[in-house]
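See structure below.
Read-outs throughout are calculated quantities, based only on the coordinates presented, and are distinct from any laboratory measurement. Just so we're clear, the structure is a prediction, and the values are computed from it rather than from any experiment. Cβ sites come from the backbone with ideal geometry, for glycine too, and all protein chains shown count toward neighbours.
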Amino acid sequence: NRGSVMRRAFLPALVVASVLLAGCSGDKKNPASPGGGQPPTYSQETPQATLASLLTAYQRRDSSEYRRLFTLDYVGASYDTSGLPGLQFGTFTRQDEIDHIKALAEDPMIIRILIDFGPQATWTPYDATGPAGEAWKEIVIYNPSLEIDSAYDSYVLASNEIMTFRFAADTSSTSPPDTLWSVVRWYEDHQ
């Protein structure tokens, strides 16, 4: 269906093609972990830590951790590059994100994914307000860098993007840390 094929603007046609070719076979969460070495440490103690965890999980195609970083009511907004003329605006749910990272993890043709959002010291969280007055935080990333290499193609994100991440606090945890931050909104725009 079209909803499962529509992907974020920064994702190359090679990923969409691989999803169509591979389909949703099996229920593998993580094939052999790309990157090797010690397993990464994921954290949601601050919005910056959650964003760093998001980048790590995406780069490693770690579907188990990636899914934990989004709220249940997450909404992303971007544009579709599926081949229609011009940019087509689209929205994404948490399930869309889960399906997407799973497709990346299951594609044996993808060799590596490199992401750079600049130094973490530049990821300044600002106060934001949710639709019901919730106290959210927002981090804006200018000119993010993404490269996805496969056995047959390579894609590099153009540097004229702005990504805005909004984070919601979950204070229901009963053990330290007592507040965890999750991605509640993710907007992508051209500069």
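So here's what we get for this one:
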item: Inter-site label distance for Tyr142 and Leu114 at 7 Å from Cα along Cβ, in nm; result: 2.3 nm
item: Neighbour net charge for Ile113 - beta-carbon separation under 10 angstrom, K R +1, D E -1; result: +1
